[in-house]
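Have a look at the structure below, then the notes.
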Amino acid sequence: MKTWNHALAFMVCCSLATADASAAPPERSKPPVPGPLKPFTIRQPTVFTLKNGLTVWHVARKRAPLVDVLAVIDAGPLHDPPDRPGVAKWTADLLTEGSGGMRAVEFSDAVQSLGAEISSTSEIDHAWISLHVTSARLPAALKLYAQALMKPDFAEAEWGRIRGQLFGEMMYQSQEPQELAQLVAQRANWGSEHRLGTALGGTPRALVKTTPVDLKAFYVARYRPDATTLIVVGDVEQGPLKKLLEAELGGWSASGPPPAAPALRGPPPRTSRALYTVQVPDAPQTVLRVGIPAPAGTLPFTPDAEVMNTLLGASFTSRLNTSLRETHGYSYGAHSRVAASRSGTVFSVMTSVNAPVTAPALAEIFLELERIRTPATDEETVRARNVAALTVPSAFDSGRATANQWALFAAQRLDRARLQQFVDQAQRVDVKALQGAALRLVRPNEAAVIAVGDLAQHGKGVPGLERAIALTVEDLLPGLAEAGAAMGGEG
């Protein structure tokens with residue numbers, strides 16, 4: 001019987017092998033064709049207002065027992081006193097460095113004992129303070145969060161410590177080509193008289209002059225419930241949340257009428273190309289930036305602009321990255337972005353290249369900037385719009401990411417419905433719309449070109465080098481040497 005079973009098994013195997021040999025081999029020369037995009041619906045926040053005027057955006061999210069809280073305060077760098085650029089950021093930084101009579105280390109220990117995270121700083125349009133905690137410990141953590149937001153101490157000792165750290169960061173900026181390039185780009189794109197044209201983190205000269213009295217005055221004027229949007233995302237229902245927020249934040253009140261809003265000025269128009277340089281002797285790479293101010297009234301986060309930028313430089317397979325990295329080997333990577341704020345929009349290209357190929361790398365960048373202004377292929381357009389649309393769901397893959405995404409909309413005062421509309425409209429961007437966005441935003445003859453590196457050795461062939469606007473560290477971080485002397489004397 002066993003012999004018969006073995007023979008039968010052998011015949012079956014032989015027949016299967018014969019069938020497999022006669023069948024066509026699977027196609028492996030091309031990747032499988034992706035299926036159709038699945039619909040993605042963005043859960044819109046439920047909006048309510050506390051009795052003190054604090055607006056709350058709430059998104060219930062049950063995937064994990066976590067809650068993220070993010071206060072978006074209209075107290076960003078645009079509100080800085082003219083003679084103290086940096087006060088907005090330093091005020092935000094000090095929120096978590098001692099409050100309600102607790103020293104910074106005591107506050108930190110209390111937060112960590114709950115397994116929570118509380119942090120604060122500022123962006124271009126706003127200041128923020130965030131909380132990340134398990135839902136079970138939300139009530140206890142929210143007490144500490146409210147204390148930091150409502151009762152910061154601005155203690156002299158804590159400010160002295162933080163000021164030393166800030167000066168260290170400025171010293172780092174002065175020696176790091178990437179940081180210098182960012183400072184030059186701000187100045188080139190916005191002009192030296194615009195707040196966004198100077199270091200968003202403040203200047204050394206302002207740092208030396210600023211006292212806790214200045215920070216407290218800025219806080220009293222700008223930190224108000226009627227100038228704040230509180231975003232809450234996570235495992236908490238609206239009823240209990242509202243009760244908890246009224247208990248912890250309901251006592252926060254504004255002092256007097258709201259201060260006047262700063263005048264919003266866009267980047268100054270440019271009629272010709274300009275080159276800005278910073279000489280860094282013996283630098284092995286040249287940091288390159290290209291900035292082009294968008295026309296006044298340009299809306300942020302539009303589908304045609306985002307799809308165009310995806311094709312040009314916002315994805316790994318973009319034209320810029322393919323050219324500079326894959327084809328020519330000039331760089332580890334190159335990318336572009338459309339950076340928007342309430343003041344205006346700037347289109348930028350960013351890369352670092354091997355110093356000896358600075359000139360040919362710049363030539364390739366401008367070749368791609370000119371090429372994007374001509375019609376793309378249908379295949380490129382479909383790929384770019386799919387990538388642009390598919391990046392939106394990834395912005396909501398966690399509670400923290402969801403809170404951050406809505407914070408941008410709150411800070412820039414954008415219509416919340418635009419986010420869902422973007423997903424739908426991006427899929428309808430065609431070749432003509434893509435080219436229209438490029439013609440509107442990518443205007444190579446009006447570009448500011450920034451080059452930070454050893455241009456004395458490797459600048460040959462860079463167009464306009466003899467007419468370049470050469471900047472120094474003192475231009476970008478005024479008062480660095482005197483601040484070092486003053487703070488060294490304090491030590």
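The values are calculated or read from the model by the stated rules, or taken from the named source; none is laboratory data. Model, not experiment: these values are computed from the prediction. Ideal geometry is used to build each Cβ from the backbone, glycine not excepted, and the neighbour counts take in all protein chains shown.
Couple of notes before you dig in:
- Some residue of segment 255-266 being under 30 Å from GLY464 (Cβ atoms) and either touching a Leu at 6+ places or on another chain (Cβ under 7 Å) or touching a residue at least 12 places away in the same chain (Cβ under 8 Å) (or both): yes
- Here segment 139-181 is the region considered, the condition is being assigned to a helix (DSSP H, G or I) and of a type in the set (Lys, Arg), and the residue that is nearest to ALA110 (Cα to Cα) is LYS143.
Table: residues versus (1) surrounded by fewer than 19 Cβ atoms within 10 Å (Cβ to Cβ); (2) modelled with pLDDT under 90; (3) out of contact with any Gly (no Cβ under 6 Å at 6 or more places or on another chain).
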site: SER352; (1), (2), (3): no, no, yes
site: THR358; (1), (2), (3): no, no, yes
site: GLU364; (1), (2), (3): no, no, yes
site: LEU369; (1), (2), (3): no, no, yes
site: ARG383; (1), (2), (3): yes, no, yes
site: LEU390; (1), (2), (3): yes, yes, yes
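- Of all the criteria given as (1) at pLDDT 95 or above; (2) out of contact with any Gly (no Cβ under 7 Å at 6 or more places or on another chain), the one not satisfied by ALA340 is (1).
- Search result, residues across segment 316-336 that are of a type outside the set (Ser, Thr, Tyr) and either under 21 Å from the mean Cα position of the chain (by Cα) or surrounded by fewer than 14 Cβ atoms within 10 Å (Cβ to Cβ) (or both): PHE316, LEU320, ASN321, GLU326, GLY329, GLY333, ALA334, HIS335
- Residue count for segment 405-427, restricted to those that are over 14 Å from ILE42 (Cβ atoms) and surrounded by fewer than 19 Cβ atoms within 10 Å (Cβ to Cβ): 3
Let's see how each residue does on (1) at pLDDT below 95; (2) of a type in the set (Asp, Glu); (3) surrounded by fewer than 16 Cβ atoms within 10 Å (Cβ to Cβ); (4) within 23 Å of the chain's Cα centre (by Cα):
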site: GLY202; (1), (2), (3), (4): no, no, no, yes
site: LEU207; (1), (2), (3), (4): no, no, no, no
site: ASP214; (1), (2), (3), (4): no, yes, no, no
site: PHE218; (1), (2), (3), (4): no, no, no, no
site: LEU230; (1), (2), (3), (4): no, no, no, yes
site: GLN238; (1), (2), (3), (4): no, no, yes, no
site: LEU241; (1), (2), (3), (4): no, no, no, no
site: LEU245; (1), (2), (3), (4): no, no, no, no
site: GLU248; (1), (2), (3), (4): no, yes, no, no
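- Qualifying positions in segment 428-451 - surrounded by fewer than 23 Cβ atoms within 10 Å (Cβ to Cβ) and either in contact with a Gly (Cβ under 7 Å, 6 or more places away or on another chain) or polar (S, T, N, Q) (or both): GLN435, ASN445
- Qualifying residues in segment 33-79 (those that are small (Gly, Ala, Ser) and assigned by TED's automatic domain parsing to the domain that holds ALA136) - the one surrounded by the fewest Cβ atoms within 10 Å (Cβ to Cβ): ALA64
- Reported count of residues in segment 402-416, each being among the hydrophobic types (A, V, I, L, M, F, W, C) and under 14 Å from PRO300 (Cα atoms), is 5.
- Inside segment 291-338, residues that are hydrophobic (A, V, I, L, M, F, W, C) and farther than 20 Å from GLN425 by Cα make up a count of 7.
- Selection status of THR374, among the polar types (S, T, N, Q) and part of a helix (DSSP H, G or I): no
- The residues in segment 321-356 that are under 16 Å from VAL290 (Cβ atoms) and in contact (Cβ under 8 Å) with a residue 24 or more places away in the chain can be counted, and the count is 17.
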